[in-house]
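Have a look at the structure below before the remarks.
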């Protein structure tokens, strides 16, 4: 009996359908009192979406955000007890609802917010790594610790002398061969703390301003494709607007193709592409998890 009631109550919270609870209530008055729990459930889910999609909330406005979020909650109730990462399908929902909110570029902002959350909470199976270690509970990277990584990926890092607690500088994930030919034949995957997203609108600059408390420059939002890489280095969040050869390179690497093939495809697009600098940054930030 208790299991039946629990299942009926959970179904009511998620769907609002109270029919299965009628056998457990004395009358309509008891059923109406359950609305407080249903409303509390909806409010908690909407607030989770507000926290997970701050740029979307700032663009539509705090008072209008529940009208956008509630239909999503009703169609996609949470599947886990924790709401920390709730809203996986929210960008798709926003895209499908564009005729209602009439903000065609809003889904691109939501896509970046989602990638940010996934990178922020991604677990590092090798917490000893200095470039992207597991973030302690309560110390997740924040917007204040974010920065863009434009131009060349990375200047060759200086190697500090080892200290009492180890070398300290970021290093590659896994065993990386020193031989150039072996490196070109190496296959890997993007590490869990790396996301590459494709956007229909160029919103990266405006999104960055919104995430850091600014108003965003809507004049810079153009309906042209943009590819963005977001990754984590320790407690710092980084992001980058990918050039066409970089996007080609990362797409092939993410698909598990050999690094040499990925570099060759990028060079076919732009002969000035620098695979050495790109590889150096991949290893420095531990963006690749190599197959053994």
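The values are calculated or read from the model by the stated rules, or taken from the named source; none is laboratory data. All figures in this text were calculated on a predicted structure; none of them were measured in a lab. Counting neighbours? That spans all protein chains shown, and the Cβs are built from the backbone with ideal geometry, glycine included.
The table that follows gives values for the structure above.
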item: From 267, 282, residue being surrounded by 14 or more Cβ atoms within 10 Å (Cβ to Cβ), in contact with a helix residue (DSSP H, G or I) (Cβ under 9 Å, 6 or more places away or on another chain) and modelled with pLDDT under 90; result: 282
item: Unmet criterion (only one of (1) touching a strand residue (DSSP E or B) at 6+ places or on another chain (Cβ under 6 Å); (2) free of Cβ contacts under 8 Å to residues at least 40 places away in the same chain) for residue 204; result: (2)
item: Residue within region 260-268 that is part of a loop (DSSP other than H, G, I, E, B) and either closer than 27 Å to residue 59 by Cβ or over 22 Å from the mean Cα position of the chain (by Cα) (or both) present; result: no
item: Hits in region 169-219 - residues which are in a strand (DSSP E or B), surrounded by fewer than 19 Cβ atoms within 10 Å (Cβ to Cβ) and at pLDDT below 90; result: 187, 189
item: Number of positions in region 64-105 that are under 24 Å from residue 121 (Cβ atoms) and over 21 Å from the mean Cα position of the chain (by Cα); result: 1
item: Filter pass, residue 132 being more than 20 Å from residue 51 (Cβ to Cβ), surrounded by 10 or more Cβ atoms within 10 Å (Cβ to Cβ), under 16 Å from the mean Cα position of the chain (by Cα) and modelled with pLDDT under 70; result: yes
item: Among residues of region 62-78, those that are in a loop (DSSP other than H, G, I, E, B) and surrounded by 13 or more Cβ atoms within 10 Å (Cβ to Cβ), counted; result: 3
item: Test for residue 93: is it part of a helix (DSSP H, G or I), surrounded by fewer than 22 Cβ atoms within 10 Å (Cβ to Cβ) and in contact with a helix residue (DSSP H, G or I) (Cβ under 9 Å, 6 or more places away or on another chain); result: yes
